[in-house]
Structure formats: C-alpha cells, structure tokens
Amino acid sequence: MRIRERLSLIPSAAWWCVAVAFLNVAVWSVVVPPFQVPDETSHLAYVQQLAETGEVPNDSDAGVFSDEQARLIEALQFSTTVGRPGEGTIWSESEDRAVDAVEDAPLTGSNAGGIQSNSNQPPLYYLLGAGVYWASPSDGLLDRLVLVRLLSAVLAALTTLFVFLFLREVLAESWTWTVGAMAVAFQPTFGFISGAVTPDALLFTASAALFLTLARVFRHGLTLERGLAIGGVLAVGSLAKLNFLALIPGAVAGLLLLAWRSPDRVRLLRAAGIAVGVLGIAALAYVAVNLSLWDRSAWGGGLATASTNVTGGSEGIEPIGLAERLGYTWQLYLPRLPFMNDQFAYFPPYATWFKGGIGVFGWLDTRFPNWTYTLALIITLPLALLAVAAVVQRRHVLVARWPELLTYGLMVAGVLVSIGFSGVRYRKDTGFIFEQTRYLLPFLPLYASLVALAALGAGRRFGRPLGAAIVVLAMGHGLFAQLLVIGRFYA
Amino acid sequence: MAVRLVLAAGLVLLLTALGVTLAQSAPRAAGSNHVPEIEEAVKLKRKGGRHCQDGETIPGNAAALRLLIGTYGRPVPEMSVSARRPGGERVTAGERSAGGREGRVDIPVERVENSASGVRVCVRVGGPGRSVLYGAGGRVRLEWMRPGSESWFALAPTVAHRFGLGRASVAGSLLLPFAALLLLAAWAAAVRLVLREVGS
C-alpha cells in the first residue's frame with residue numbers, strides 16, 4: 001500500500017489532534033524566553049556546532065559555547081534570571097538593543113565544541129536541528145532557535161498522532177481516541193519541553209511510535225514489514241536520546257514473546273530479527289561515524305555512562321552498592337519499606353512526579369502555588385479511580401492480552417529503573433537531584449490510555465460528558481500553565 | 001446534548017477563572033538591575049550610612065525602589081534614595097519614613113517617565129545602629145516598582161511590550177496577541193473536534 005493510501009486511512013480526527021498539538025506547542029515555543037528550558041543552552045550549542053563544523057561537541061580544550069551564543073546568553077541576562085523566579089527576563093529597550101547588537105555583530109558561531117552534559121548523546125535530533133539551522137533564511141542565532149523550536153513542535157504533533165493511533169489500536173470506543181490525544185496535546189509539561197530545542201522531542205515521538213508499532217503487531221501480527229517498521233523506530237529512538245535504550249529490552253522481549261506463542265515461529269522470529277537487524281545497522285553506522293568522522297569513542301561516551309549507572313561504578317568512579325541503588329529506585333516511585341534506608345527527605349511520587357506532571361517550568365524554578373497541586377490531586381484521584389474501575393471492567397480482555405501488557409510493563413520498568421540508577425549516581429557525583437517528570441513522557445501513549453479509561457470508567461451514560469470535561473480541564477490546565485510562565489518572565 | 005452542555009459549562013467556568021485571575025491587582029515590578037540577593041552586599045555601620053552604585057538603569061514608569069534590608073531586629077529606619085545622571089542632573093528621588101519590620105521595603109520616588117541609563121543611585125539609611133542591604137558582589141539589588149497596584153488586564157500592554165524584547169521576532173509587542181490567537185485557534189479546533197467526535 002502506498003504512503004498516500006495509508007495516510008488516507010487515518011481518521012480526520014487524528015489530523016485535527018495533530019493541528020491542535022502543533023498550535024499549542026508552537027504557543028509554548030513563543031511563550032518561553034530563549035534558553036529558559038532545562039539544558040536548552042547546551043542543546044542549541046550542539047546543534048550549532050554540528051551545523052557550523054560538522055563535528056559533535058567533544059573537544060576538552062574548547063569552550064562549550066560559541067562566541068555568538070555566549071554573548072547572546074549574557075545579553076539575555078540568562079545567568080541572573082535562571083533559577084530565580086523573582087527575576088524576569090529583559091524588560092527594557094536598552095537591554096533589547098544589547099541583544100540586537102550581539103545579533104548584528106560579526107561573531108563566530110563555530111568556535112565551541114567543548115564537552116558538556118549532552119555531548120555523549122547521539123546526534124539524530126541535532127542533525128535535524130542542524131538542517132533547520134542551515135535552512136533558516138536568517139543567520140541570527142535567535143531566528144534559528146525559533147525555527148529549531150518549531151521543529152520540536154512538529155515532532156510533538158507527530159507524537160500526538162502516534163498517541164491517537166495507539167489509542168485506536170487498544171480501545172474500541174472511537175470517541176476516547178480524541179479524548180486521550182487531546183489530553184496529551186494540552187499537557188503542559190509535554191508542551192513546555194516540546195516547545196524547546198531538545199532531543200526529548202524526538203525521544204517522545206520515537207517512544208510513541210514504538211508503543212504504536214508494538215500495539216499493531218500484537219493485534220495484526222508480526223510481518224516482515226512491521227518488523228522493519230519497529231526496527232526503524234528503534235533506530236530513530238536510539239539515535240535520538242540515550243534514555244530510549246531503556247525501552248529496548250522490553251520491546252525486544254515483546255517480539256520474542258510474540259514469536260514464541262505463534263505457531264509460525266520461524267517467520268515471526270525472522271521479522272523480529274529484521275527489527276533487531278535494523279537497529280544493529282543503525283548502531284554500527286553510529287559507531288563508524290563516531291570512530292571515523294568524529295574521533296571519539298565507539299558509542300560517543302554514552303555507553304560508558306549507561307554502563308556506570310547499571311553496574312554501580314567503574315574504574316576511578318566511586319561505586320554504589322546494589323542495595324542502595326535498588327532502595328533509591330524503589331523509593332522514587334513507591335513508599336519506603338521498613339528495611340530500606342531513607343533516600344529522600346520528601347515523597348518523590350508526589351513531590352517529583354505528580355507535581356512535575358502538573359507543572360514545574362523554567363529550569364525547575366517556576367511552580368504553581370502549592371494549593372494548585374493539592375487541587376490537582378483532588379481532581380486526579382477520582383479520575384484515577386475511574387480508570388481503575390474501567391480496567392477492572394475489562395479484566396477479561398486484559399488477561400487475554402497479557403503478553404502485550406507484559407511488554408509494556410517491561411518497557412516501563414526499564415525506564416523507571418534506568419531513571420533510578422542514573423539518579424542515584426548523579427546525586428552521588430554532584431549532590432543534585434536528577435529526576436524530572438519529562439523522563440516519564442516516553443509513556444505518553446499509556447498516559448493517554450489512562451485518561452481515556454477514566455472517561456470509560458464513568459460508564460455508558462456519563463463517559464462522553466466526562467471525556468469532554470477532561471478535554472476542557474486539559475485546555476484550562478495548559479492555559480494557566482502558560483500564564484504562570486508569562487507571569488514569571490514578563491510581569 | 002450532555003457533551004455540549006459540559007463543554008459550554010466548562011468553558012464558562014474556565015473563562016470566569018481566567019477573568020478572576022487577570023483582574024487580581026498587585027504591585028508590579030518595572031525592572032531591576034538583575035543583581036541576586038544572595039549575600040549581605042553592603043553593611044552600613046554608622047548613623048546616616050550611604051551607599052551609591054554607578055551605571056544603573058532606571059526603567060520607565062518606576063515609582064518606587066524596592067530593597068531587601070536587614071536591621072538586626074530593629075524597626076526599619078528612615079531611608080531615602082536619589083538618582084542622578086553623570087552630569088549631576090537628577091533623575092528621581094524619594095524617601096520613606098522610619099517604621100516597619102526588616103525585609104523588603106519600598107521607597108516611593110518621583111515617577112520616572114522614560115528609562116534612564118548610566119545613572120548613579122544612592123541609598124541613605126538613617127537612624128542609629130547597623131543595617132545591611134542585600135545583593136551580590138558589593139552591589140545591592142535594586143528593584144524598581146510601577147506606581148500603585150495593577151491588575152493583569154491593566155498590565156497587559158506592558159507585558160506585551162516585554163514579550164517582544166530579546167527575541168528574533170519582528171512582531172514586537174504584537175507577538176503576545178499573536179500567540180493568544182494561535183492558542184484560540186487550538187481551542188476552537190479542540191472544541192469542534194470534541195463536539196464532533198465525543199458528542200455524537
């Protein structure tokens with residue numbers, strides 16, 4: 001089937017969701033001042049370095065920012081604004097003229113390349129960003145930042161499309177697809193992050209696509225073509241951000257499970273092999289480019305980081321015992337058990353994940369008043385109970401789908417454990433907190449499913465009205481989050 | 001029908017909440033010198049201690065200077081501020097009578113119409129005893145406040161102006177209304193979609 005024919009099979013509602021997501025994330029990309037999203041400074045530096053020199057930032061003797069970006073960061077008063085919610089961005093014409101002067105000055109954009117926090121990340125998002133950087137009709141860095149942010153918004157729209165299509169696979173009631181996808185399109189943390197220059201945008205897209213392709217093979221069978229599609233998604237995700245690697249064991253286990261339970265085991269194993277093969281080819285290409293073009297280690301340093309996190313230490317690095325890593329990881333998501341050392345002075349399921357999901361913006365310096373999170377909890381709990389009720393009502397269907405659920409469970413576990421192991425290492429090394437809610441956004445398809453299930457849990461009579469209410473709630477949530485950010489930086 | 005009602009009620013509720021929020025009035029900042037309040041920047045040990053800072057910018061519409069002061073538990077003494085250009089021309093001045101607890105204090109000044117750069121700002125703290133002004137690196141944080149108390153509605157043109165600064169956009173202060181229109185379009189599409197897909 002041709003691509004055009006395939007696209008014509010997608011319901012028009014899905015395209016509407018795509019349009020809504022793009023518009024909303026585009027608004028986020030305008031609302032947030034330059035560099036006021038976690039790590040956007042280093043992500044733009046990576047894009048610029050790649051675009052200007054064809055190299056990844058990997059030079060221990062070079063500065064981390066080009067002259068152009070460094071002067072721009074200074075003119076925008078970034079260092080005095082970040083982390084200080086009482087301090088707005090630049091407000092005066094004289095400060096604006098200083099920014100214009102930097103943009104007009106003949107400053108080089110190609111003298112950076114120093115190692116920073118994202119240097120070990122794979123380059124796919126940055127390559128896309130570099131393409132946009134070069135395609136920009138203007139050579140001002142702020143213009144280019146706007147366009148790369150819009151690239152992220154396009155990826156967010158694509159993510160929403162995949163979420164819609166995932167819901168179409170897993171839920172029979174077509175109205176719930178719109179409800180779930182709209183909840184994602186207006187989700188403030190998703191919009192805030194995806195409105196920035198960040199590889200997270202591509203990570204979310206690839207993750208949503210992975211959930212979609214797996215849902216399809218569990219329903220329609222694993223063909224060679226679908227194996228190829230899964231392989232493509234695995235390759236894109238792996239080359240987008242290291243976090244994606246944590247999803248792969250679960251996904252591969254799902255494919256093996258599917259093959260094992262099939263009477264046509266050999267054919268399915270061949271299709272699964274194609275998926276893994278495509279991933280392998282992408283990995284080899286990445287290694288080859290690292291070794292030959294970029295003069296860095298085979299995996300760009302990413303594998304070393306992941307390995308240190310998994311094993312708890314390596315040569316020259318202070319080890320962390322397995323019990324501590326497990327205890328830390330457990331307490332990130334669940335109440336502490338009596339025999340565990342207390343790892344946190346707060347309750348991460350609420351303080352980190354829930355509050356972060358409701359909204360923590362800027363470089364984690366912009367929060368709603370505390371009562372807002374309490375109100376959000378009061379609204380969320382009944383919705384969560386309704387989702388549980390819907391799950392219980394559908395338990396027979398779900399039990400029959402245990403291999404698929406197990407696959408998703410393994411993927412979730414992989415990410416949760418990787419966050420925990422990375423977090424305990426980061427805290428040990430720096431003393432700072434690592435965890436941010438955005439690390440859970442690869443699960444947007446599951447989030448949308450829970451939202452849709454909550455509406456279904458209200459029953460035949462109240463389900464649709466509740467679905468409409470959830471969408472309005474999501475719109476309001478997004479709006480007030482944007483107002484919070486506007487108030488933080490401009491009022 | 002129920003979906004239509006829920007949507008209508010939800011949107012009315014939402015717009016009401018938005019209206020209430022935007023109508024809330026509070027003192028608003030005109031701008032600051034971006035110095036963080038991370039340490040005791042200036043210690044004034046004598047009666048009538050005075051501290052001056054050069055190269056300051058006073059934003060347009062400034063009508064008060066907000067400072068963080070510590071007085072070791074005593075009531076805040078009388079304070080005054082004066083701002084002059086390098087040639088000696090006065091930009092603004094004002095004073096605050098003694099009283100109140102240590103912490104953030106506002107010193108009312110003559111309203112500054114247009115932004116003034118390269119200004120020397122001097123703060124005088126009267127009364128007996130020691131006091132400290134907070135900032136960083138020997139510089140005191142100077143936060144200039146707009147006159148009176150304003151709602152978000154009243155502040156909207158100012159916010160729109162600030163929104164257009166430090167950006168690539170040529171839209172200037174029209175950028176914020178443009179963003180609002182984009183969001184409105186997203187909302188309209190979402191409502192239409194929900195009516196069609198969820199309401200049928």
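The values are calculated or read from the model by the stated rules, or taken from the named source; none is laboratory data. Nothing here was measured: the structure is a model prediction, and the numbers come from that model. Cβ coordinates were reconstructed from backbone atoms using ideal geometry, including for glycine residues, and neighbour counts include every protein chain displayed. Just the protein is used for accessible areas: all its heavy atoms, side chains included, with ligands, DNA and RNA removed. Shrake-Rupley method; radii C 1.70, N 1.55, O 1.52, S 1.80 Å.
In plain terms, the C-alpha convex hull of the protein assembly as shown casts an average shadow of 34.0 nm² when viewed from every direction.
With springs connecting C-alpha atoms under 10 Å apart, model chain B as a Gaussian network and identify which of B:VAL76, B:VAL125, B:VAL159 has the largest mean-square fluctuation. Highest fluctuation of the listed residues: B:VAL159.
Tell me, how many Å apart are the Cα centres for the stretch A:327-356 and for the stretch A:396-426? What the calculation gives is 18 Å, centre to centre. If you average the C-alpha positions of the stretch A:129-177 and of the stretch A:2-60 separately, how far apart do those two centres end up, in angstrom? Centre-to-centre (Cα) distance: 5 Å. Taking amide hydrogens as placed 1.01 Å from N in the peptide plane, the amide H of B:LEU65 sits under 5 Å from those of B:ILE107, B:VAL109, B:MET145, each at least 5 positions away in sequence or on another chain.
Taking other residues whose beta carbon is less than 15 angstrom from the beta carbon of A:SER60, and scoring Lys, Arg as +1 and Asp, Glu as -1, yields -3. Computed from backbone phi, the HN-Hα couplings of the stretch B:24-33 come to 5, 9, 6, x, 10, 7, 9, x, 8, 8 Hz, rounded to whole numbers (Karplus: 6.51 cos²θ - 1.76 cosθ + 1.60, θ = phi - 60°; Gly and Pro given as x). Here each label is just a point 7 Å from Cα along the line to Cβ, and for A:ALA323 and A:LEU107 those points are 5.3 nm apart.
For the stretch B:104-114, putting each phi into the Karplus relation 6.51 cos²θ - 1.76 cosθ + 1.60 with θ = phi - 60° gives couplings of 7, 10, 10, 9, x, 10, 4, 4, 9, 6, 10 Hz, in residue order, rounded to whole numbers and with x for Gly and Pro. Take the Cβ atoms of A:LEU405 and B:VAL170, set R0 to 60 Å, and the FRET efficiency comes out at 0.70.
For a modelled paramagnetic label at B:ALA23, 7 Å from Cα along Cα-to-Cβ, no residue of the stretch A:456-491 is in reach, as no backbone nitrogen comes under 18 Å.
A simple charge model with +1 on the Cβ of Lys and Arg, -1 on the Cβ of Asp and Glu and nothing else charged puts the dipole of the protein assembly as shown at about 2180 debye relative to its Cα centre.
Accessible surface computed residue by residue for the protein assembly as shown, with neighbouring protein chains in place and a 1.4 Å probe, gives 43 Å² per residue.
Which one, B:GLY55, B:GLY137, B:GLY73, has the greatest fluctuation when you compute a Gaussian network model over chain B with C-alpha springs under 10 angstrom? Highest fluctuation among the options: B:GLY73.
The heavy atoms of B:LEU44 offer some 10 square angstrom of accessible surface to a 1.4 angstrom probe. Amide H contacts for B:ALA116 (H built 1.01 Å from N in the peptide plane; partners 5 or more residues away or on another chain; cut-off under 5 Å): B:ILE58, B:GLY60. Between amide H atoms placed 1.01 Å from N, distances below 5 Å from A:GLY63 occur with A:GLY114, all of them 5 or more places distant or on a separate chain. Positive-end ranking of A:GLY301, A:GLY356, A:ALA62 along the dipole of chain A, with charges on Cβ about the Cα centre, is headed by A:GLY356. For A:ASP67, the solvent-accessible surface computed with a 1.4 Å probe is close to 70 Å², ligands and nucleic acids excluded.
Inter-chain Cβ neighbour count for B:145-152, averaged per residue, equals 1 (cutoff 10 Å, partner chain atoms only). The distance between label points at B:LEU13 and A:SER117 comes to 3.8 nm (points 7 Å beyond Cα on the Cα→Cβ vector).
Leaving ligands and nucleic acids aside, the B/A contact buries around 4300 square angstrom of accessible area in total at a 1.4 Å probe radius.
When nucleic acids and ligands are ignored and a 1.4 Å probe is applied, A:ASP295 ends up with an accessible area of around 130 Å².
For the stretch B:55-66, backbone phi angles converted through the Karplus equation (6.51, -1.76, 1.60; θ = phi - 60°) give residue-by-residue couplings of x, 8, 10, 9, x, x, 6, 6, 10, 7, 10, 9 Hz, Gly and Pro being listed as x.
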